[in-house]
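Q: Structure incoming, see below.
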């Protein structure tokens, strides 16, 4: 009996087709550069392709923000019930996300990767928002505009701040309802799946949007645009490396005495998995299993890791601020310091829940620009061509941040077995890969949205 059971064929894994999209974007970028360089007039005439793709992304901003914020805040009540661990985790996530956003702003201002492109005349459809952005009166008018006419209009009026405001209200209301709010969370979770499925469908048009946007930019500015985009991408990768090994690594060494290099070696297979999928969420089950194996108590891992995947998005935070500054500089209308600080505050809230799902970061970036400088929205088309190249660094940094957070929270709450950590990282107690056949690796049949803490 057991032999026949063991010999049962494993279900066929669904083939991941996102690699074809990745290759298509690469081909589209190269083709766009060639068309813009060899036939500048033709390249400029392709601008509507990039504009239409940005409009499709803009269409998804309000639903993405609403669903992620409601589910994030509505589920926090579970984390809060675990007391010290949940409070420390949420506080740490807020601080480190802010630090990451700040680092992105500093690096973006120091490098100015978009300066010199001067494509302000290519504002396209985004120009129609410029007057609206500057027509507001004072602070009172600004606050009044945040309040929508109806709850539903906040999702249809095109105002990101109104959608964010209503999402916060709904999230806190569901949180206060306790168990009675579970059906609402379940319904929003189903809507979120629908929203991200639509977003995934739109992203298959990314090669077309990237082709039009790159061809237009190169047609107007020459090959300088390619150099500027490459500069942004390289600067982003270097910034992520400095953040992981310089900020997180030093913090973990000082607090826990754990080497970031040994931890990275221990999580090597997970890093390879993330590079292959461009999503940190693909390694979530393995991170939970490996953190428990390393010596962090199950209760701590159960709070920190799942919660971190919604609230601890260091790589996404760096990306959002650097990309925003790049777009503003490229369009010749750089963000002032007060505008940058306002954008930072928006990103702190709106970035929660943007990890793990392809395209959510791009939608959050568009939402931040639309809420502060609507005339910059069409500049998102510049980023589409290299967004897939930057997604690996975002995902790897998000994953590293959550691994380090688990060690730090375990140290602060005394739920970390220091001796076992040393033994595991020294390869004296190897991780048993056969343990990944348990519930950690199996897909969840339950259609209900995941709780931040296992119950």
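Q: Does region 341-359 hold any residues that are crowded, with 23+ Cβ neighbours inside 10 Å and either modelled with pLDDT of 80 or more or within 16 Å of residue 280 (Cα to Cα) (or both), and which are they?
A: 351, 352, 353, 354, 355
Q: Is it fair to say residue 225 is in a helix (DSSP H, G or I), more than 22 Å from the chain's Cα centre (by Cα) and modelled with pLDDT of 90 or more?
A: Spelling it out, it is not the case that residue 225 is in a helix (DSSP H, G or I), more than 22 Å from the chain's Cα centre (by Cα) and modelled with pLDDT of 90 or more.
Q: Taking only region 75-85 into account, find how many residues are under 22 Å from residue 403 (Cβ atoms) and either assigned to a loop (DSSP other than H, G, I, E, B) or at pLDDT below 75 (or both).
A: Residues in region 75-85 being under 22 Å from residue 403 (Cβ atoms) and either assigned to a loop (DSSP other than H, G, I, E, B) or at pLDDT below 75 (or both): 6 in total.
Q: Something else about it: Six or more apart or on different chains, Cβ under 9 Å: which pairs go from a residue in region 46-67 that's at positive phi and without any contact (Cβ under 8 Å) to a residue 12 or more places away in the chain to one that's surrounded by fewer than 24 Cβ atoms within 10 Å (Cβ to Cβ) and part of a helix (DSSP H, G or I)? Could you list them?
A: Note: no pairs meet the criteria.
Q: What number of residues in region 60-74 are in a helix (DSSP H, G or I) and modelled with pLDDT under 80?
A: Of the residues in that region, 10 qualify.
Q: Same structure again: Can you find a residue in region 403-412 that is in contact with a strand residue (DSSP E or B) (Cβ under 7 Å, 6 or more places away or on another chain) and modelled with pLDDT under 90?
A: no
Q: Would you please list the contacts, defined by Cβ atoms under 9 Å and residues six or more apart or on different chains, that run from a residue in region 86-112 that is at positive phi to a residue that is part of a helix (DSSP H, G or I)?
A: That search, which allows pairs on different chains as well, returns 112/325; 112/326; 112/329.
Q: Only one of these conditions is not met by residue 113: (1) under 22 Å from the mean Cα position of the chain (by Cα); (2) over 18 Å from residue 373 (Cα atoms); (3) assigned to a helix (DSSP H, G or I); (4) modelled with pLDDT of 65 or more. Which number is it?
A: Among (1) under 22 Å from the mean Cα position of the chain (by Cα); (2) over 18 Å from residue 373 (Cα atoms); (3) assigned to a helix (DSSP H, G or I); (4) modelled with pLDDT of 65 or more, the lone unmet condition for residue 113 is (3).
Q: Confirm whether residue 217 is farther than 18 Å from residue 67 by Cβ, assigned to a helix (DSSP H, G or I) and either modelled with pLDDT under 80 or within 20 Å of the chain's Cα centre (by Cα) (or both).
A: yes
Q: Also, quick follow-up: So the check is Cβ under 6 Å with 6+ separation or different chains; which pairs have a first residue in region 303-319 that's on the phi > 0 side of the Ramachandran plot and buried (at least 24 other Cβ atoms within 10 Å of the Cβ) and a second one that's outside any helix (DSSP H, G or I) and at pLDDT below 80?
A: If the second residue must be outside any helix (DSSP H, G or I) and at pLDDT below 80, no pairs are left.
Q: Something else now. Mind checking which residues of region 286-308 are at pLDDT 85 or above, in a helix (DSSP H, G or I) and within 13 Å of residue 404 (Cα to Cα)?
A: 287, 290, 291, 294
Q: Can you tell me which of 157, 173, 206 is touching a helix residue (DSSP H, G or I) at 6+ places or on another chain (Cβ under 9 Å) and modelled with pLDDT of 85 or more?
A: Answer to the check: 173.
Q: Still on this model: Within region 192-209, is there a residue that is touching a residue at least 40 places away in the same chain (Cβ under 8 Å), under 21 Å from the mean Cα position of the chain (by Cα), outside any helix (DSSP H, G or I) and more than 26 Å from residue 346 (Cβ to Cβ)?
A: Among the residues of region 192-209, at least one is touching a residue at least 40 places away in the same chain (Cβ under 8 Å), under 21 Å from the mean Cα position of the chain (by Cα), outside any helix (DSSP H, G or I) and more than 26 Å from residue 346 (Cβ to Cβ), which makes the answer yes.
The values are calculated or read from the model by the stated rules, or taken from the named source; none is laboratory data. These numbers were taken from a predicted model, which means no experiment stands behind them. Note that we place each Cβ from the backbone using ideal geometry, even for glycine, and neighbour counts take in every protein chain shown.
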